[in-house]
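Accompanying notes for the structure given below.
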Amino acid sequence: MSKTALICGSYAFDSIMVFQDHFKNHILPDKVHMLNVSFLAPTMRKEFGGCGGNIAYNLHLLGANSIPMATVGEDFTPYMNWMELHHMNTTHMKVIKDSYTGQAFITTDMDDNQITAFHPGAMSNSHENKVSDVSVADIGIVSPDGRDGMIEHALQFAEAEIPFIFDPGQGMPMFSGEELVTFIEQATYVAVNDYESQMLQDKTGLDLATIASMVDSLIITKGGKGSEIHTNGEIITIIPAKAESTQDPTGCGDAYRAGLLYGIMSDFDWKKTGQLAGLLGAIKIAHLGTQNHKFDINDIEKLYQDNYGSDLN
């Protein structure tokens, strides 16, 4: 594949803890105005993560040309070594002096619900990177990152006429309804999960049909229920791929977005693109952490055949 994807998004160290119960059993609905809860998490892992990092990792495993672009802290060396070990492009990883790399503290319960605290650190300087710093990009993605960086990178993609996915994720609360409408107007594609799709509607005052009409495709993931793709006035339902097990949902959405990028870069139709994306999410959920799974395109072609009864290529 000769096309290149520019991935604008966060890089972070993830501290992932598992609460061996259900949040709903410990949060009293009539006391949420004075919430004071503590969740005992006997196990904890520290992982390489961040939306941009996870998307780039999965896209790299597929064998596609990917250029991650992010701002990181002086503590990034172990992560940089990991990227170099996997022969990933590190040209546009900019180290910000006297800053930490982003840090995510994620607690997951037995229903796969998550509570996350995030320290942005160097991510807040993401606007210091410019889309124009990259000589060749055929497609891009604006995933959760520093607020100014997301705004500027979306504008830069639009002005350069480079198609891109707007993936607001957990960064959506940073933006007003008007700002989100601007993102949608600039983007070629919008990708959100089911919860985020409702938040996007609430904040913009636009319904799904209207949002879908403003872009080539609106993609909504629904966890274990699969996903749906709104395009050309129709809704394509993507049935979920089979997961070997359900170990850790963290990073599944990022794996899915890597599949979207690969499908678009390969000129797949939307059904095939969505099925590939869902398959990557199913592979990821069977592994702890966001970058501990491995595959190559030959593995994916076999799994795609097993799940969907047709050839990927």
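The values are calculated or read from the model by the stated rules, or taken from the named source; none is laboratory data. Quantities reported herein were computed from a predicted structural model and do not represent experimental measurements. Heads up, the Cβs are rebuilt from the backbone with ideal geometry, glycines too, and the neighbour counts pull from every protein chain shown. Each accessible area value is taken on the protein alone, full model and side chains, heavy atoms only, with ligands, DNA and RNA left out. Shrake-Rupley method; radii C 1.70, N 1.55, O 1.52, S 1.80 Å.
Quick one: in the range 81-91, which of the residues that are open to solvent by 40 Å² or more (accessible area, probe 1.4 Å) and not in a loop (DSSP other than H, G, I, E, B) is farthest from Met265 (Cα to Cα)?
Asn81
Checking the conditions here, which among Asp111, Asp98, Asp75 is assigned to a loop (DSSP other than H, G, I, E, B), surrounded by 15 or more Cβ atoms within 10 Å (Cβ to Cβ) and either more than 19 Å from the chain's Cα centre (by Cα) or modelled with pLDDT under 95 (or both)?
Every option except Asp75 fails the conditions.
So, in the range 117-133, of the ones that are among the aliphatic types (A, V, I, L, M) and either farther than 15 Å from Gln103 by Cβ or in contact with a Phe, Trp or Tyr (Cβ under 6 Å, 6 or more places away or on another chain) (or both), which residue ends up most open to solvent (accessible area, probe 1.4 Å)?
Looking at residues that are among the aliphatic types (A, V, I, L, M) and either farther than 15 Å from Gln103 by Cβ or in contact with a Phe, Trp or Tyr (Cβ under 6 Å, 6 or more places away or on another chain) (or both), I get Ala117.
Name every residue in the range 43-65 that is under 18 Å from Ala117 (Cα atoms) and in a loop (DSSP other than H, G, I, E, B), in order of residue number.
Within the range 43-65, just Gly50 meets the criteria.
Going residue by residue through the range 120-127, is there one that turns out to be within 24 Å of Asp216 (Cα to Cα) and assigned to a helix (DSSP H, G or I)?
Within the range 120-127, not a single residue is within 24 Å of Asp216 (Cα to Cα) and assigned to a helix (DSSP H, G or I).
Out of Thr237, Thr250, Thr246, report the one residue that is of a type in the set (S, T, N, Q) and closer than 18 Å to Ile55 by Cα.
Exactly one of Thr237, Thr250, Thr246 is of a type in the set (S, T, N, Q) and closer than 18 Å to Ile55 by Cα, namely Thr250.
Across the range 287-299, what is the number of residues that are among the hydrophobic types (A, V, I, L, M, F, W, C) and closer than 29 Å to Ile106 by Cα?
Number of matching residues: 2.
Return yes when Ala154 is farther than 30 Å from Ser245 by Cβ, touching a residue at least 40 places away in the same chain (Cβ under 8 Å) and part of a helix (DSSP H, G or I) and no when it is not.
No; evaluated as a whole, the condition is false for this residue.
Considering every residue within the range 176-186, establish whether at least one is among the hydroxyl-bearing types (Ser, Thr, Tyr) and in a strand (DSSP E or B).
No, that holds for no residue.
Tell me whether the range 161-168 contains one or more residues that are without any contact (Cβ under 8 Å) to a residue 40 or more places away in the chain and over 17 Å from the mean Cα position of the chain (by Cα).
yes
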